[in-house]
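**Q** Here it is, the structure, as structure tokens.
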Amino acid sequence: MIPTFKDAVSADIDKVFLNCDEFAETHEIDGRTVPCVIDTLLTQEGGDAKHIGVFVNQTRIHVRKDRIGTPPGEGDHMEVDGVVHLVRSVSDEMGMLVITTETNRE
């Protein structure tokens, strides 16, 4: 049987994207050690006096859906490497979860 495009993508997820020797790193998510890719963007919140010095750390976590148990939902809290994050969005992209979270830093 000829492999489908979905088969090829699924194989690439583990062989390349989530391969710790190639691209991914190991992180602890809600008590489970998993290979994943984490992108972080630190931005200053607002421009008024109330928000000066408050930064929002937005994190996008790419992890295989079957590695973290029950996927979080919007508004849930999840712990990533010992830091509690607020889940802003979750999408399932061909078996990969893309979880966008936020943490506040002053």
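We did not get these values from a lab; they are worked out from the coordinates using the rules stated. Since this is a predicted model, take the numbers as computed values, not measurements. Virtual Cβ from ideal backbone geometry, glycine too; neighbours counted across all protein chains shown.
**Q** What number of residues within region 1-28 satisfy the criterion of being out of contact with any Ser or Thr (no Cβ under 7 Å at 6 or more places or on another chain), surrounded by fewer than 11 Cβ atoms within 10 Å (Cβ to Cβ) and in a loop (DSSP other than H, G, I, E, B)?
**A** Looking only at that region, the number is 6.
**Q** Restricting to region 57-70, and then to whatever is under 11 Å from the mean Cα position of the chain (by Cα) and farther than 14 Å from Thr33 by Cα, can you tell me which residue is surrounded by the most Cβ atoms within 10 Å (Cβ to Cβ)?
**A** Thr59
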